[in-house]
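Reading through the structure tokens given below for one structure.
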Amino acid sequence: MTRIDALVGVGGVIVLVVLFVVETRAPLRRRVRPRGERLAVNVVLAVSAGLVVRLAVVPVGLAVAAGAERGGFGLLHWVALPRALAWIAGLLLLDYTMYLWHRLNHRVPLLWRFHLVHHTDLDLDVSTALRFHAGELLLSCGWRAAQVAVIGPPVALVVVFEVLFETATAFHHSNWRLPLGLDRALASCVVTPRMHGIHHSTLEAETNSNWSVMLSWWDR
């Protein structure tokens, strides 16, 4: 494990703990099941999902990004942009393509079979952000390789995106009741717990909406 891996891991734990505390003190939704029962299931799923992310999904993305840097392929290598603009464009494209992947998970029967595990959590809190079937994440490796190959982001940008992606996922799955005015202001740009809660509705029309992960613009 590298120093960066360790720092990212510690940072991730801190984010989860902070969100766990704030959602306990200011809950957005009432629980329908005891927290202990859900946590036991979600933690088991989180362990297998976490292993797949660390051993497959992230390494695949980094390997393809390194290959793109060496071979000079991908949009960000073909279009000459100042470094800052290239990073902004890269983050936007990575986020948008993950939005498309999320939509596919709801539209393609095979993908939905795995993604349904995430949606069968009757409550929604920060532990739901970790509740994914390992099969879904293994299948996502192909998508991750394709998106990085087409976009051509540098390795450092892939690392930054992964950190932002996982932080955003934890945040918008949390049961944190933000002040309504703040929630509305944030939702104009990023996905909030209240906004993503609609996506986890038991009503199909609501579930088939609000697919965004980081930026809320893609659902406009």
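Within segment 163-179, count every residue that is in contact (Cβ under 8 Å) with a residue 12 or more places away in the chain and more than 14 Å from the chain's Cα centre (by Cα). Talk me through it step by step, then tell me what you get.
Residues of segment 163-179 in contact (Cβ under 8 Å) with a residue 12 or more places away in the chain: 163-178.
Next cut, more than 14 Å from the chain's Cα centre (by Cα) only: 175-178.
Of the residues in segment 163-179, 4 are in contact (Cβ under 8 Å) with a residue 12 or more places away in the chain and more than 14 Å from the chain's Cα centre (by Cα).
One residue is enough: does segment 123-132 have a residue meeting the conditions aromatic (Phe, Trp, Tyr) and either exposed (fewer than 15 other Cβ atoms within 10 Å of the Cβ) or over 27 Å from residue 153 (Cα atoms) (or both)?
no
Need the failing condition index for residue 34 against (1) exposed (fewer than 15 other Cβ atoms within 10 Å of the Cβ); (2) closer than 16 Å to residue 150 by Cβ, just the number.
All conditions are met except number (2).
When you check residue 33 against the structure, is it among the basic types (Lys, Arg) and at pLDDT 95 or above, yes or no?
no
Mind checking which residues of segment 157-214 are surrounded by fewer than 18 Cβ atoms within 10 Å (Cβ to Cβ) and among the basic types (Lys, Arg)?
Correct list: 177, 184.
Would you point out the residue of segment 194-220, among those that are small (Gly, Ala, Ser) and either in contact with a Phe, Trp or Tyr (Cβ under 9 Å, 6 or more places away or on another chain) or not in a helix (DSSP H, G or I) (or both), that is farthest from residue 97 (Cα to Cα)? It would help to see each step written out before you state the result.
Our first condition is that a residue be small (Gly, Ala, Ser); within segment 194-220, this holds for 197, 201, 205, 209, 212, 216.
Then keep just the ones that are either in contact with a Phe, Trp or Tyr (Cβ under 9 Å, 6 or more places away or on another chain) or not in a helix (DSSP H, G or I) (or both); that gives 201, 209, 212.
Details: 201: 23, 209: 16, 212: 10 Å.
Within segment 194-220, the match that is farthest from residue 97 (Cα to Cα) is 201.
Output the qualifying pairs, or none if there are none: Cβ atoms under 8 angstrom, residues six or more apart or on different chains, first residue in segment 199-214 and aliphatic (A, V, I, L, M), second residue part of a loop (DSSP other than H, G, I, E, B) and crowded, with 20+ Cβ neighbours inside 10 Å.
From residues that are aliphatic (A, V, I, L, M), the pairs are 213/191; 214/191.
Working only within segment 153-212, note down all residues that are touching a Pro at 6+ places or on another chain (Cβ under 8 Å) and closer than 30 Å to residue 67 by Cβ.
161
Taking the criterion of being in a helix (DSSP H, G or I), modelled with pLDDT of 95 or more, under 25 Å from residue 87 (Cβ atoms) and among the small types (Gly, Ala, Ser), would at least one residue in segment 170-178 satisfy it? Even if it seems obvious, please write down each step before you answer.
Just the residues of segment 170-178 that are in a helix (DSSP H, G or I), to begin with: 170-173.
Checking which are modelled with pLDDT of 95 or more leaves us with 170-173.
Then keep just the ones that are under 25 Å from residue 87 (Cβ atoms); that gives 170-172.
This time we only want the ones that are among the small types (Gly, Ala, Ser), so: 170.
Checked segment 170-178: at least one residue is in a helix (DSSP H, G or I), modelled with pLDDT of 95 or more, under 25 Å from residue 87 (Cβ atoms) and among the small types (Gly, Ala, Ser).
Tell me yes or no: at least one residue of segment 110-118 is free of Cβ contacts under 8 Å to residues at least 40 places away in the same chain and over 19 Å from the mean Cα position of the chain (by Cα).
yes
Which of the following residues is in contact with a Pro (Cβ under 6 Å, 6 or more places away or on another chain), under 22 Å from residue 146 (Cα atoms) and buried (at least 19 other Cβ atoms within 10 Å of the Cβ): 74, 90? Reasoning before the result, please.
Values: 74 fails: in contact with a Pro (Cβ under 6 Å, 6 or more places away or on another chain).
The conditions single out 90.
The values are calculated or read from the model by the stated rules, or taken from the named source; none is laboratory data. Keep in mind the model is a prediction, meaning the values are calculated, not measured. For neighbour counting, all protein chains shown are included, and Cβ atoms are generated from backbone atoms with ideal geometry for every residue, glycine included.
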